Structures are given as C-alpha cells and as structure tokens.
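Since the structure comes first, as structure tokens, the remarks are kept for the end.
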Amino acid sequence: MFESLTERLDRIFKKLRGYGKLTEQNIQDGLREVRLALLEADVNYKVVKDFVNTVHERAVGQEVLDSLTPGQQLIKIVHEELTALMGGQKQDINFSGKWPVSIMLVGLQGSGKTTTAGKLALHLRGKGRRPYLVPADIYRPAAIEQLQKLANDLDMPAYPSVPDMKPLDICQRAMILAREKAYDTVIIDTAGRLHIDTVLMDELKGIEAAIDPSEIILVADAMTGQDAVNIAEKFNQTLGLTGIILTKMDGDARGGAALSIKAVTQKPIKFVGVGEKLDALEPFYPDRMASRILGMGDVLTLIEKAQATFDAKKAVELEKKIRKESFTLEDFRDQLQQIKKMGTLEQIIGMIPGLNKIKSLQGLRPDESELVRIEAIINSMTRVERRNYTIINGSRRRRIAQGSGTSVQDVNKLLKNFVHMQKMMKRLKKGGLRNIQNLFSG
Amino acid sequence: MFKWFLKKKEEPQEKAEEESGLFQRLKDQIARTRESFVKQVDRLFLGKKEIDADLLDSLEEILITADLGVSTATELIERIREKVKRKELSDAFALKNYLREEILTLLRSPQKEGEEITASPFVILVIGVNGTGKTTTIGKLAHRFKGLGQNVMLVAADTFRAAAIEQLEIWSKRAGADLIKQKSGSDPSAVVYDALEAAQSRKTDVMIIDTAGRLHTKVNLMEELKKVQRVIQKKMPGAPHEILLVLDATTGQNAISQAKLFNSAVGITGMVLTKLDGTAKGGVVVGISNELKIPIRFIGIGEKMEDLREFDPDAFVSALFD
C-alpha cells in the first residue's frame, strides 16, 4: 500500500543513521525529505506543512539531540505524529441510534460505494447483524442492478428500487420494510456526486434529515490527489460525516489521501478496501499504517490474518515437522493452501517486516498462477513421492510434468525450490529473520 | 475519416462554433480551478515586482496544490530560477506569462497529428483502473460517432463487475449503438473475438470495447488485458487502432503510475481525462504529458451524453489562466 513512501523514508533515515548525533541541519535535511515524500504521496500541501512543523518542534528539542540513536528517535517521532494524524484507536461501525440502525454511504462517482456496500454487509453479517441493502442510486445506469446482484451473490435482502423512484422515497420505504422484517442494519448506497453539485448534495441532506442515520460514511478513493481535502471538507460540512472508508488500497497508490482526509474532517477512517472480492474489507489501524509507512512492516495484521485462516492444529503439526526436519511436499501443499486463504502474495510480503527491504525481493511481483501450477505439480505426484522427493527420477519427472500439464523444467524448478526451502527452514529454526535475509542476499 | 480525434480542420465554420461553445463550457466547468489557481497566482504577483525566493516557494505551493506533482513543479520552478539568474526574467508579470507558456508546451508536445485511418471496423479498446468512468466515456463516444453517421458497436468485455454489462447496454440504447455481450463471468477475450467477427460481417464502422476496471498493479488482470489485445491483433491485424486509457482527474500522482504500467502492458495511444467538472484539478495532465508523451484525446465534463470534449491544450490553459 504505502511501500513507496516507506522506501523513501527508509532511505532518508538510513542517511540519518550515518551521523553520530543529529544537528539542527540534519533534522532539516531529514524533514525536507519527509516533506517531499509526503507531497509525492499526494498528502495535501497544507497538511504536510502542519505535519512537518509539528515534527520539527518536537525534534529540535532535547529528545532527539540527547538520544543515543538519533535516527531512531526521529523515526519514532515521525511515526507517532503520523499515527496521531491518522487518528486514535480503531473504530467499528456505530450501532447506537434509532432502530433499525442505518448507514449512508456517500462520495464521488467511481469511489467504490456500491462494492463497499456489499463488503460492509458481509462484514456486518459476520458480526451477527441482519443487513438490508438499499440501492438509492437512480442516476447511474444499472447501479441498482449492481447492488441487487451483489446482494444476490451474498444471499442477502435488498430493497427492490426502480430508477423512477425518488431516492428519498426509496430510503423511507426501505426503512419501514426493514422494521417490518426485523432487519437491524440498513445500508444505503447513494449515487456518486460531485461535492459542488448543490442539487444532489441537498438530496443527501434530505435523506439524512428523514432517516437520521447512525453513520454517514464518506467512501473515498485512496488514489485521490490534493483535492481530497476539498471533497472531504464539503461532504463533512454538508452532512456531518461520522467516518471514512478508503478504497482501492490494494494498488500502488501511496495513499496520502488518508492523511489529508483525516486531517480536515477529524473523522475516523473505519475500514479500507483491499481488493475486488467482497471479503476484501479490513479495519483501519492508524498505528499499523504508520508502521507500514515507516517500513516497520504490518506485523499485527499478518498475525491476525494468520490466526483467522491458519488451522491451529495443523500449525502445531507443522512446527513439529520443522523441528524434526520431516517437512514434505505434502506439507508444502498444505501451506500453499493456507497462504492462499490469507490473501495475495503481494499483500503478505508487504506485511512481513524486513522483507520489503530485501533487495532481491524489491520489484518482485509474485505471480498467483505460479501457485496454481505448483499445486498441480504436487497433486500429480504419488503419495510416496510427496513424502520422499529424493526418489523422483527422470521418468517420474516426465510423468509428473505430463500429469500436471507442465514441463519437466517446471518440476525441476519446484523440486529445487523445495530443497532451498527446507534449508531455509533449518536456518529459521536456528536464528530468526536475520538468517532469512542472509539466505536472500547470499 | 477519424481525423476528428484531432482537430476538425476541414470544417472551419462548425469548428469555430463548437470551439466557442467548448471554450465557454470549459471555462464554466473549471471556473473553480481557475479561481483557486489563477487567483492565487494573481494574489502572489499583486504588489510584487521582484522575483525572490519567497515568490518561487509560493509558486511551487500553487503548482503542487493543483496536482502537478513534485517533479513537474520542481522542474518548472528550476527553469524559472535559471531564467532569473540569467536575467531573462525580471518582473513578476513576465514570470506569469512564461509559466503559462511552459505549461502549454508541456501539454502540447505529445498532441501529434495522427494519420487518417481507413480501417473498418475502427477498433477502440478502452482501459483503466476501477471507477474512472470507462463505461460512461464509451457511451459518450458512441453518441459522438453516431452523430457523425457511423455504425457503432459496443462490446461488453467487462464480464467481471456486477451489472457492468447492463450498464453498457443502457448506454448502447441511449446512443443507438449495437451491443455485443455474453454472460457475466465469460472470458473477455472470447467476447471480443465474437464481436470482431460480428463487426466484420455487419460492416460496423466503429467498435468500442469496454473492459473491466483493473488496478495496474494486478499482474493477472494485466495479463488478461494483454490476451484481449493479442486476440484482437490475431483476428484483425493492425487493430486495436486506438487504446484509450481513462483517467480520473481527481486522481493524484498515482495517475502517472497507472499510465506507465498500462502503457508498458498494452501500449496506450491516447488518454481520456474524466470528471473535470469538479474542483481544482487537471494538473496531473501536465505531469503525464510531460513524462509519457501520450496525447490526451478527450475530457469528460459531466454525466450527460454530450459531456465529452476533445482535449485542446490551448483552450485548457486559457481557461486556466485567463
């Protein structure tokens, strides 16, 4: 997500580490780079200015100058300020207020409101709510169908809006229906609109006044530029936002909009969208995001994901096997399947601290189809072969290649990688991450 | 036949009329951009005759706030600094004119004259990240081509997003264009292949392909796009004749990354900048023009079928500065 900014700050602070002690001049250099990096990341100009000033104020004090490792101290300050700017603790949807609880999604065209409505509904159902999806975008062609299809895919109820109804009527009738059918959470997908379109902004105000929603969430594209400030400010002034959802965070946008929007609205970023699938919605953790920006990796998210997807029993077994050094191709396949559940390889690599710093991994775009191929190759082996790869000779390799629709070279490559991986695991057992780094650089 | 991707020189009368309409519209639409940008510049120059460091710093702020990006802004400022050093620029007013000319040059350079294309069907592939306005732009393009008396076919190759096909279908009806579609979830390459076959037998003049929005960093989805391109090339050598990248003007510096990666995957021939009717934007165009030398063909300035305009650097910068 924020890799580019991370790399940038990494480089700056590497430079800073070179000095024994920080002088006023060093801080200036460092802060100038921070400023440029933030601007390149599309953080709003004024927000950057405030941010750099705050860091500067704190940094020129004794805190930095007296510290034994000045570079680290400065990183800490930048990190803390970034966290503070992106705002406090993580926040979920607010369920207090008039029953049934209603959530309005608002934003510009193409920011991802409809997809987010589907994702939010799935997330809330997972929390035991009974969501009701309400398509209130009568303007964009097929917008209503889009939400209804998503609802259908999720096996969830949606209000049967039609384009010649008024959005306000849709919302009011949907609220009545929700009450009757005991749906406790109404998610309203409004039409995308420009913040300067007074007619359509008034329409939103009308809906807000009529249904008194518990949440009015601005859905914003993480790729938004300097204008993010104006957009967020106007929506906030008109409607009184309660939160933000940042979408398309799975691209390479540096996501400066996150900082900008938070700074001008002072409203929490509640979730981030990280993919096109309906489960690709994650809570926003300001502290973790700040860590990410500073190249400290997003360990907690990874751990949490691993906990949610990894089968605890299998993990224990695996650990035993690694200890006994009896890690087989069968286990390897299990691992692949578990990893696939955790997300894309790019996401996973991005979350492991240190890995994004390893040169040989930079610019690496893991190919997901490679995983499919590897699985196919392993599936084409006999059980005996999987448990003892050393018996796989030339003719077995040919058979495996044929069975999996790959080439002998592919099979060779997999076996070579597997041996490499076994070695890596032995090293990992002996001494943690440093050894992995050696393995990659060596 | 397709010269009006560029300027319609053969019809000066109509052009003048359209230009003034466009000019006015553009001015209205980006009035806010102008206000924030030009007023700031004017305020900056007000009461200032000398060019000093403060002035240049404030100028940098204005350029960056307009989404020109750090590198383009720095480049422009550096050039001004050089000129000042060599005493070629001395007063604030001359600086403003110089800046205007420089931005214009950056915008104008990639707007090359295209040769006339006689291919039939003339195949346009429309690509971009999610939510930039591909389908809406296609609807507008179809309307434009129909207005010129062409047979237009729209191809629903976004088989991924829910109701994307229905969305294009509505636009095809509005514009009076043919539509080729298959079931949601089918292979986009197959849809395109069949569509080409149909277009060739129906003697379609213009075929516009709508693809699914995809983030430029998703390897698999970019591969899918390359496959679509390969299938088109195989079925009709020389096609697609135009590969349009649709960019959202609200997007910040990431637009450059989008343009770069889509360009290296399939080779973009032109860009469409959408949602220019909002606030304070357009600056990213300067950065992209400068860095990638790909022409901007059209701009989107509203949700109506008529709200598509040829990109005209002169009108654009004039509306920004005058």
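Taking only the range B:130-167 into account, find how many residues are within 14 Å of chain A (Cβ to nearest Cβ), under 19 Å from B:I301 (Cα atoms) and not polar (S, T, N, Q).
Matching residues across the range B:130-167 total 8.
Output the number of residues of the range A:106-134 satisfying the condition of being of a type outside the set (V, I, T) and within 14 Å of another protein chain (Cβ to nearest Cβ).
From the range A:106-134, those of a type outside the set (V, I, T) are A:107-113, A:117-133; that's our starting set.
With the extra rule that they be within 14 Å of another protein chain (Cβ to nearest Cβ), the set shrinks to A:107-113, A:117-119, A:121-122, A:133.
Residues meeting the conditions: 13.
For A:L200, state whether it is within 14 Å of chain B (Cβ to nearest Cβ), in a loop (DSSP other than H, G, I, E, B) and among the hydrophobic types (A, V, I, L, M, F, W, C). Steps first, please.
On the way: within 14 Å of chain B (Cβ to nearest Cβ): yes; in a loop (DSSP other than H, G, I, E, B): no; among the hydrophobic types (A, V, I, L, M, F, W, C): yes.
Here the answer is no, as A:L200 does not meet what is asked.
Test of understanding: among B:R86, B:R100, which residue is modelled with pLDDT under 85 and either more than 14 Å from chain A (Cβ to nearest Cβ) or under 30 Å from B:E166 (Cα atoms) (or both)?
B:R100
Mind counting the residues in the range A:215-239 that are more than 7 Å from chain B (Cβ to nearest Cβ) and either at pLDDT 95 or above or part of a helix (DSSP H, G or I) (or both)?
17
What do you reckon, is B:L245 touching a Gly at 6+ places or on another chain (Cβ under 8 Å), of a type in the set (A, V, I, L, M) and either surrounded by fewer than 24 Cβ atoms within 10 Å (Cβ to Cβ) or at pLDDT 95 or above (or both)?
In short, yes.
How about the range A:211-228: which of its residues are surrounded by fewer than 24 Cβ atoms within 10 Å (Cβ to Cβ) and touching a helix residue (DSSP H, G or I) at 6+ places or on another chain (Cβ under 6 Å)?
A:I211, the sole residue that qualifies.
Is there a residue in the range B:5-22 that is more than 13 Å from chain A (Cβ to nearest Cβ) and modelled with pLDDT of 55 or more?
No, the conditions are met nowhere in the range B:5-22.
Among the helices (runs of 4 or more DSSP H) contained in the range B:216-322, which hold 3 or more residues that are within 14 Å of chain A (Cβ to nearest Cβ)?
Fully inside the range B:216-322 and qualifying: B:219-235, B:254-266, B:283-292.
Suppose we filter B:T250, B:T269 for residues that are crowded, with 22+ Cβ neighbours inside 10 Å and hydroxyl-bearing (S, T, Y); which single one remains?
Going through B:T250, B:T269 in turn, the sole match is B:T250.
Report yes if B:P188 is under 30 Å from B:T72 (Cβ atoms), more than 14 Å from every other protein chain (Cβ to nearest Cβ) and of a type outside the set (G, A, S), otherwise no.
Here the answer is no, as B:P188 does not meet what is asked.
Would the range A:90-98 turn up any residue that is modelled with pLDDT under 75 and within 30 Å of A:Y183 (Cα to Cα)? Walk me through it before giving the result.
Going residue by residue through the range A:90-98, those that are modelled with pLDDT under 75 are A:90.
Cutting the leftovers down to within 30 Å of A:Y183 (Cα to Cα) gives us A:90.
For the range A:90-98, residues modelled with pLDDT under 75 and within 30 Å of A:Y183 (Cα to Cα): present.
B:L179: outside any loop (DSSP other than H, G, I, E, B) and touching a Ser or Thr at 6+ places or on another chain (Cβ under 7 Å), yes or no?
yes
Does B:T217 satisfy the condition of being surrounded by fewer than 20 Cβ atoms within 10 Å (Cβ to Cβ) and closer than 25 Å to B:S257 by Cα?
Yes: the conditions hold for B:T217.
What are the residues in the range A:135-167 that are surrounded by 18 or more Cβ atoms within 10 Å (Cβ to Cβ), assigned to a loop (DSSP other than H, G, I, E, B) and at the interface with chain B (Cβ under 8 Å from one of its Cβ atoms), if any?
If the condition is that a residue be surrounded by 18 or more Cβ atoms within 10 Å (Cβ to Cβ), assigned to a loop (DSSP other than H, G, I, E, B) and at the interface with chain B (Cβ under 8 Å from one of its Cβ atoms), then A:R140, A:P141, A:A142 are the ones that fit.
Spot the failing condition for B:T279; the list is (1) buried (at least 22 other Cβ atoms within 10 Å of the Cβ); (2) polar (S, T, N, Q); (3) more than 21 Å from B:E101 (Cα to Cα), and only one is missed.
So the condition that B:T279 fails would be (1).
Provide a single number: the residues in the range A:178-187 that are surrounded by fewer than 16 Cβ atoms within 10 Å (Cβ to Cβ) and either in a helix (DSSP H, G or I) or free of Cβ contacts under 8 Å to residues at least 40 places away in the same chain (or both). I'd like the intermediate steps shown before the answer.
Filtering the range A:178-187 down to residues surrounded by fewer than 16 Cβ atoms within 10 Å (Cβ to Cβ) leaves A:179-182.
Still in the running and either in a helix (DSSP H, G or I) or free of Cβ contacts under 8 Å to residues at least 40 places away in the same chain (or both): A:179-181.
Within the range A:178-187, residues that are surrounded by fewer than 16 Cβ atoms within 10 Å (Cβ to Cβ) and either in a helix (DSSP H, G or I) or free of Cβ contacts under 8 Å to residues at least 40 places away in the same chain (or both) number 3.
So, in the range B:168-185, exactly how many residues are within 9 Å of chain A (Cβ to nearest Cβ) and crowded, with 23+ Cβ neighbours inside 10 Å?
Residues that pass the stated criteria total 2.
Yes or no: the range B:50-66 includes at least one residue that is surrounded by 15 or more Cβ atoms within 10 Å (Cβ to Cβ), modelled with pLDDT of 80 or more and either in a loop (DSSP other than H, G, I, E, B) or of a type in the set (K, R) (or both).
Yes, the range B:50-66 contains at least one residue that is surrounded by 15 or more Cβ atoms within 10 Å (Cβ to Cβ), modelled with pLDDT of 80 or more and either in a loop (DSSP other than H, G, I, E, B) or of a type in the set (K, R) (or both).
Identify all residues within the range B:210-224 that are closer than 19 Å to A:G110 by Cβ and not polar (S, T, N, Q); write none if there are none.
Scanning the range B:210-224 gives B:D210, B:A212, B:G213, B:R214, B:L215, B:H216, B:K218, B:L221.
Condition first: crowded, with 24+ Cβ neighbours inside 10 Å and among the β-branched types (V, I, T). Now tell me which residues in the range A:97-115 satisfy that.
A:I103, A:V106, A:T114, A:T115 - these are the residues of the range A:97-115 that are crowded, with 24+ Cβ neighbours inside 10 Å and among the β-branched types (V, I, T).
The values are calculated or read from the model by the stated rules, or taken from the named source; none is laboratory data. What you see is a predicted model, and the numbers here were worked out from it, not measured in a lab. With ideal geometry, Cβ positions are generated from the backbone for all residues, glycine too; neighbour counts draw on all protein chains shown.
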